[in-house]
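Before any comments, here is the structure.
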Amino acid sequence: MCGIFGTIGANCVTNTLLALHQLEYRGYDSAGIGVKTECGLQIEKSTGRVNALKVDFVAGKVAIGHTRWATHGKVCKQNAHPFVSYDGNFAVVHNGIVENYLQHKLALQRQGVEFASQTDSEVIAHLLAKHFDGDVATTLQKVCNMLTGSFAVVVATSRDDNLYAYKRGSALCVGKGKQGTCVCSDVAVMEQFASSVAVLPENCLAVLGNSVDLWVEGKHVEPCYFAPSHTDCDSNQLQGDAMLAEIFQIPDAVRQTYDYYFASGGLCLDKKQVNGYKRVYFVGCGTAYHSAMVGCSLLQRLAQMDCQAVVASEYVYDSFPTDKHTLVVAISQSGETADTLKAVQKAKRQGATVYAVTNVCNSSLCFEASFVKFVKAGREISVASTKAYNCQLVALTLFAVDFAHAKGRLSARARSRYLTCFDKVPSACKHLVSQSTAFALMAKRYKQAHLAYFVGRRLDFATAKEGALKLKEVSYLPSEAYPSGELKHGTLAMMEQGVLVVALACEKDLVDKCCNTVAEVTSRGASALVLSQYPVSPTSNQVQVVSLPAVDEIFAPIISVVPLQLFAYYFAKGRGCDVDRPRNLAKSVTVE
Ligand code: M6R
């Protein structure tokens, strides 16, 4: 959620501001910077974007910065990080949640400490001052031992020119480069500042000076450095809205993901392993959950496997039979989603094998999984996930095909026919993005809609869910998805003029069923937009049909979502929404 960064060296202020711009996608409620200068710790904070920060002090020795996604306390300047201890000696930035902050806050208040904010984070700064034992590192360790929850903390102090950091449950990495050492919540942001990066292990204390020293439970540990990867299709480099740029990258990104799947060893599971699994869970959150639904449906269909798509947070708190014969396919664009990480940790405790599908190398999920399949979407900046979804679908479709083949349920011939059929997918995506003006007009046509329903059956239901999520998250139009057959069990009561129903029919045997649904909703006053790769004749002027390029049905979800992504984008633009920074959201949800 929140983005944190800290660095040491002559350019520390400039570099911290640069990093904050890149971290803004993790939270944009407020931003702040703390710099150790000749005059002590100087702090600047502002609500809203990093651009709003007015920083007069450019010279400093050490700097820390923060972009906030509010959890505790409303969006205001007082609640922006960094927080400074009551004695003025410690400045703290924090990502995560300190669950027992209230107990410490009340105790400190009883001792006369005044709090400036409503956050859980401020308590860390005051505890550092209260328990300072002459050594910042041991004091930070002591304070973190007093805290519960999951958090990543970076501390600058007036007492020396080091940076101190602690990681428990929330991602944090350290780096070394020509300009000095640095610490950050986001591996991908490090590539600009460090030539070597190391991900901090759990419960790790880090001291950054000219070099980086790490301790876990009092024992000195060596950082495992790697060279940060430079991402393809980097949306940061593009002008205009990242969401639109990222949709335009889909044709190349799906091709890259397909090629990389094979270049990185294909399925990576042998026949013995595949036959050893009795059940497969596909877990993820939000958009990643929708790709889990597609992966699950295809694996059931092609391999006749007992499998289930589960929302990661539900997997954590409900009882899903799991043992050593269980494979958990965990899908996450960022690889940092707290709910997904908790789900895989639980699955591992119960003996399951974890197979990660992620867009970010060296993300926390990679370290939890036995198998990692990267999707090659390139860096995704927009809070609304688009290209990563299409790429997840490519990887999961190939996974299902190869798994079914390894299980003996799909012949070599059928497998190779599917693989050849993929060839049409990138060009189909390209055709659709080249029609973006048509989708812009369509969005304009329905701009008066006050409610939208997305409907479909089987694979189309997952696409419907993703279409509804995309539209609501960027435009705030109430929109929900239903399996088409469910409408008549209650939701039909909502149909009237001003309601838009988006119906998907990408599987031939379901087209007639879809037309029946459309007739039912339009006869009650709703407008309908039908997406199909098969011929559908509009039965009234309330029905508009989008003809999709023909691809094999197992690949249809990869392309049928593209018009919905474009529709959501243009609909939101028409309403004047900030598409890349929707209200109340953050790109990476690193708290439960
Ligand atoms: O990074 P992840 O794929 O784990 O993120 C999961 C969800 O938070 C994410 O897909 C979210 O739903 C997006 N904002 C959807 O556009």
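The values are calculated or read from the model by the stated rules, or taken from the named source; none is laboratory data. Note that the structure is a prediction, hence the values are computed from the model and not measured. Quick reminder, even Gly has a Cβ in these numbers, built from the backbone with ideal geometry, and neighbours come from all protein chains shown. All accessible areas refer to the heavy atoms of the entire protein, side chains included, with ligands and DNA or RNA removed. Shrake-Rupley method; radii C 1.70, N 1.55, O 1.52, S 1.80 Å.
Can you tell me the order of 260-266, 502-508 when each peptide is scored by its average per-residue count of other Cβ atoms within 10 angstrom, highest first?
Values: 260-266: 14.1, 502-508: 24.7.
Top of the packing list down: 502-508, 260-266.
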- Note on the structure: Against the 2.2 N^0.38 Å rule of thumb, the C-alpha Rg of the range 432-580 sits at a ratio of 0.94
- Item | Evaluated at q = 0.13, 0.15 Å⁻¹: base-10 log I(q)/I(0), Debye formula over Cα of the range 118-227 | -0.45, -0.61
- Item | Per-residue HN-Hα couplings for the range 585-590 [Karplus 6.51, -1.76, 1.60; θ = phi - 60°; Hz; x = Gly/Pro] | 10, 9, 5, 10, 9, 9
- Task: Once you have a ≥ b ≥ c as the square roots of the Cα gyration tensor eigenvalues for the range 3-221, tell me rounded if a/c is under 1.5, and otherwise prolate or oblate according to whether a/b is larger than b/c.
- Result: rounded
- Message: Can you list residues from other chains, or at least 5 along the same chain, whose modelled amide H is less than 5 Å from the amide H of residue 149?
- Response: 99
- Query: Using modelled backbone amide H atoms (1.01 Å from N, in-plane), which distant-in-sequence or interchain residues come within less than 5 Å of residue 329's amide H?
  - Reply: 281, 282, 283, 355
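Quick one, what does Rg over Rh come out to for the chain if you take C-alpha atoms and the Kirkwood Rh?
On the way: Rg = 25.1 Å, Rh = 25.1 Å.
Ratio of gyration radius to Kirkwood radius: 1.00.
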- Item | Compactness relative to 2.2 N^0.38 Å, alpha carbon Rg of the range 125-182 | 1.19
- Cα axis of helix 412-421 to longest principal axis of the chain: angle in degrees, 0 to 90, nearest 10? 80 degrees
- Going by average Cβ neighbours within 10 Å, how do the peptides 432-442, 402-412 rank, with the highest at the top? 402-412, 432-442
- Mean projection of the alpha-carbon convex hull of the range 49-94 over all orientations, in nm²? 4.1 nm²
- Query: Starting at 0 and stepping by 10 Å, how many percent of the alpha carbon pairs of the range 252-291 end up in each bin?
  - Reply: 23, 31, 43, 3
- Message: Going by average Cβ density within 10 Å per residue, which order do the peptides 354-367, 180-193 take, highest to lowest?
- Response: 180-193, 354-367
- Note on the structure: Nearest 10, in degrees from 0 to 90: the angle of helix 136-146 to the longest Cα principal axis of the chain is 50 degrees
- For residue 526, residues with placed amide H under 5 Å, excluding near neighbours: 496
- Task: Mark the label point 7 Å from the Cα of residue 301 along Cα→Cβ and return the residues of the range 438-480 whose backbone N is within less than 11 Å of it.
- Result: 457-462
- Message: Calculate the FRET efficiency for residue 57 and residue 178 from the Cβ-Cβ distance with a Förster distance of 30 Å, rounded to the nearest 0.05.
- Response: 0.85
- Query: Counting only heavy atoms of protein chains, what accessible area per residue, in Å², does the chain have with a probe of 1.4 Å?
  - Reply: 37 Å²
- Message: If you take every DSSP beta bridge fully contained in the chain, what fraction is antiparallel? Give it as a percent rounded to 5.
- Response: 60 percent
- Item | Signed unit charges on C-beta, dipole axis of the range 475-574, positive-most listed residue 498, 517, 529 | 498
- Query: Taking the Cα centre of the chain as the origin and placing charges on Cβ (Lys, Arg +1; Asp, Glu -1), which of 588, 205, 451 is farthest toward the positive end of the dipole?
  - Reply: 451
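To the nearest 20 Debye, how big is the dipole of the chain about its Cα centre, given +1 on the beta carbon of each Lys and Arg and -1 on that of each Asp and Glu?
Computed about the Cα centre, the dipole is about 1000 debye.
Give me the orientation-averaged projected area of the Cα convex hull of the range 239-422, in nm², one decimal.
Working: hull surface 38.8 nm².
That works out to 9.7 nm².
Any chance you could run the full-extension gain for residue 539 through residue 229? It's 0.36 nm times the residue separation minus the Cα-Cα distance, nm to one decimal.
On the way: separation 310, 0.36 × 310 = 111.60 nm, distance 5.24 nm.
That works out to 106.4 nm of additional length.
Take the Cβ-Cβ distance between residue 583 and residue 550 as r, set R0 to 35 Å, and report the resulting FRET efficiency rounded to the nearest 0.05.
My answer for the efficiency is 0.35.
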- Task: Would you mind telling me the share, in percent, of accessible area of the chain contributed by carbon and sulfur at probe 1.4 angstrom?
- Result: 49 percent
- Message: I need the phi-derived Karplus couplings for the range 424-432: 6.51 cos²θ - 1.76 cosθ + 1.60, θ = phi - 60°, integer Hz, Gly and Pro marked x.
- Response: 7, 5, x, 5, 5, 5, 5, 4, 5
- Item | Residues of the range 168-200 with amide N under 20 Å of a point placed 7 Å along Cα→Cβ from residue 220 | 174-176, 181-182, 198-200
- Query: With θ set to phi - 60° and the Karplus curve 6.51 cos²θ - 1.76 cosθ + 1.60, what are the ³J(HN,Hα) couplings of the range 83-98 in order, to the nearest whole Hz, using x for Gly and Pro?
  - Reply: 9, 10, 5, 4, 8, x, 9, 10, 10, 10, 10, 8, 10, x, 9, 8
- Query: Taking only Cα atoms, what is the 0 to 90° angle, nearest 10, from helix 436-445's long axis to the longest principal axis of the chain?
  - Reply: 80 degrees
